[in-house]
Amino acid sequence: MGMYLIASLSDKVLWFFTPANWPLMASVVAGLGFVIFVHELGHFLVAKWCGVKCEKFYLGFDPYGLRFARFRWGETEYGIGVIPFGGYVKMLGQDDNPQNMADEMDRSRQGDEHHVPHGDLPAEPTSESPVAHDPRSYLAKTVPQRMAIISAGVIMNLIFAYVMATIAYGLGVEEIANVVGGTVPGTTSWQVGLPLGAKFLEIGGKRSQVFRDLKESVSLSRVEDDLKTVVLFPGEKEPRPVILHPRSEADSPPTIGVAMAYRLEFGNEVVARPHSAASQASPALKPKDRVEAVNGQRVHNQAEFAAICLRDADKPLELSVKRTDGDKVADVKCTVPPQTMRDFGLTVTAGPIVAIQNNSPAAAAKLEVGERIVNIDGQPAGDPLTLAERLRQLGTKEVKLELSREKDGQTTTRTVPVTLRAAEWIDVISPAAPISVPALGVAFRVLSTVQAVEPGSPADKAEIKVGDRLVSAFVGPRTEKTKDDYQDWEDQLYKFDDQKFNWAYFHDELLQSINPTCPIEMTVESNKTERKVALVPRLNDHRFSDDRGFLFLRVSVLQKGETFGEAVQLGAARATDSVFLIYRVLQRLFQGRLPANQFGGPIEIFKQAGYAAQAGLASFLLFCTMLSANLAVVNFLPIPVLDGGHMVFLTLEGIRRKPVSERVMIGFQYAGLLFILTLMVFVTYLDIGRLSGK
């Protein structure tokens, strides 16, 4: 009777293949097994209470008798099956497998001498005559008793969801805070100009401190509706009402383009990405270090830290950190070298403007979507990937932009004076989003067509020409992989698409993060003919990254019930939200507003459980809360084979005063089983696709 599905907006990771994680995996298996155990225990206890003979009680399934363990206590066989995705209670006269259902019904019937019970039945058996069953058979029980047995699993899951959530908030749960750590160009949050450090106080009329509420509200919103929020901007005392417009791209849920903020503190394990400047700090940065000053200037948050990193990108950073080692606390200075960027010596083409930020220099100068920046102060706009930095260095200077627009085969141009603004931040670079120029307040797409090739560069040596189109890049495979330097973006094929995966993200993010020993095979299209070329990136001594590979912790908030009553209140609210969340997810799915590829199967559930377990007991209990509520809701859907399907048949039996015919019931059971198996194959296929990077 145990079947579950979980909605999850997930990232690709292979952590569970590492032997060092096996103890963690064991705890995850135990936790997930407990959630399923609770569900089946509900069926088992109520069945026993109603006098039903329970022949088997299994965690997991045991096809063809395949199992890890079994033992018998009394009349019941207990065991663990080889297929861990579920569990079941085998009662006399009841079986979810339609192949066994008819046999079980026959087996539960009494012998001929008891076939016609005493009472006022007709003298001659007819098709309407009830069948006498073994008094300990599931089928011999009244409709209310069978309803109680079927619903007991769901009820137990709901009870334990509330219990686990209460325990979690009694321990204290550290959750990601509702603080803006950046915005994605072109999205509604970027459009309204939400700055670094802005805090969401209300979302859709509900007060909230945690990023989870924001993510769920946006993901399940309708793109045509406004999302009303209340935001406290940095340096302001009074919050502002901000209306956002979630947007949905193809095959993705709605988004508002807000990234999570980080605090200037490292976690318990890693402090920097492999091969980054931060990994080369002298002396080395250590877990739990807290940055207090940069180049002699005190920093308190991400915005202040990012501004210095951007301004001094070409210089070493001297970090003053507070280091905790047991009971000792020390002040340490660590020097981090600049992060010299790698490139191929080619320049791609900038597309037209696709979005203009509110209250920006571009908006004041009346720039328009669809226009292309051609010249700046009489000079070609040049490399679109360096445009933001070149204009930032001009400060608040006035520049003359030459803009062109193509319409109906005609090209028109105009020159517009624009006064730049000081921009001490950069916007988030996303695979599917345009890039921005903060000094102007515009966003534009980066096309994969080559507009220039530097003589003597890797691109020139590979005979890449102006006008060629970059089709894809394969990174790796490397000759050696270790736990410390394995990265998910290596050994992958990346297909360039201006709308889904752009060159800017590959160049400025992935290329700067991969192991330098990884070979790159580029597919280039010239005159409609594709060819593959090998490229080795070079170090560009004239371009530096503001991101030196630091891996800071996210800004978080501790939610803890100081009294038992407060813990119960917080736990009840979280468990209730978990129950209604899956209903909202299913509603959006059937309305076509949530892509089916956002769901995950057994592999994804296991992976997300691993994330939660790594975060601590309280976080793992909350994950189990969500999974337990999920299991309850999904199992009570009116699908044959699931508990909800059984309730439908029992309801019909109660109304008709006779059971649904065996033929009809078995037919529906087959249909339900086919649906469940198809669904499991589908979500497992999605899981495998995530692991393989597809």
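The values are calculated or read from the model by the stated rules, or taken from the named source; none is laboratory data. Given the structure is predicted, the values throughout are model-derived calculations rather than measurements. Using ideal geometry, Cβ is built from the backbone for each residue, glycine included, and neighbour counts are taken over all protein chains shown. Areas reflect the complete protein model, heavy atoms only, side chains present, ligands, DNA and RNA absent. Shrake-Rupley method; radii C 1.70, N 1.55, O 1.52, S 1.80 Å.
For this structure, a couple of remarks:
- Centroid-to-centroid separation of the range 45-62 and the range 191-222 [C-alpha atoms, Å]: 45
- With the Kirkwood sum run over all distinct C-alpha pairs, the range 214-315 has a hydrodynamic radius of 17.1 Å.
- Net lengthening on full extension, Phe590/Ile243 (0.36 nm per residue, minus Cα-Cα): 122.2 nm
- Among the GluC sites (Glu not before Pro) within the range 194-228, those in coil by DSSP and having at most 16 neighbouring Cβ atoms inside 10 Å are Glu224.
- Accessible surface, 1.4 Å probe, highest first, among residues Arg263, Arg146: Arg263, Arg146
- P(r) weight above 14 Å for the range 334-378, C-alpha pairs, percent: 69
- Solvent-accessible ranking of Lys560, Lys56, largest area first, probe 1.4 Å: Lys560, Lys56
- Take the Kirkwood radius over Cα pairs of the range 606-680, plug it into Stokes-Einstein at 20 °C and 1.002 mPa s, and you get 148 µm²/s for translational diffusion.
- Listed residue pairs exceeding 19 Å between alpha carbons, taken from Lys199/Lys607; Lys315/Lys400; Lys206/Lys228: Lys199/Lys607; Lys315/Lys400
- A straight Cα-to-Cα reach below 21 Å connects Lys286 with the lysines Lys322, Lys328, Lys333, Lys483, residues fewer than 8 places away in its own chain not being considered.
- Residue-span extension gain [Lys333 to Val230] - 0.36 nm each, minus C-alpha spacing: 33.1 nm
- Loop sites in the range 189-237: trypsin sites (Lys or Arg not before Pro), DSSP, at most 15 other Cβ within 10 Å: Arg222, Lys237
- Order of exposure, largest accessible area first, which applies to His300, His245 with probe 1.4 Å: His300, His245
- Solvent-accessible surface (1.4 angstrom probe) belonging to Glu398, in square angstrom, nearest 10: 110
- Net length available on complete extension from Phe564 to Tyr78 is 171.3 nm, with 0.36 nm assigned per residue and the Cα-Cα distance removed.
- Solvent-accessible surface (1.4 Å probe) assigned to Asp289 amounts to roughly 0 Å².
- Taking amide H positions as modeled 1.01 Å from N, with prolines and chain starts lacking one, the residues under 5 Å from Ser472 and 5 or more places away or on another chain are Phe496, Thr523.
- Euclidean distance of C-alpha centroids, the range 603-625 and the range 492-527, integer Å: 33
- The charge dipole of the range 302-433, taken about its Cα centre with unit charges on the Cβ of Lys, Arg, Asp and Glu (plus for the first two, minus for the last two), comes to roughly 160 debye.
- Accessible surface of Glu653 - all protein chains present, 1.4 Å probe, nearest 10 Å²: 30
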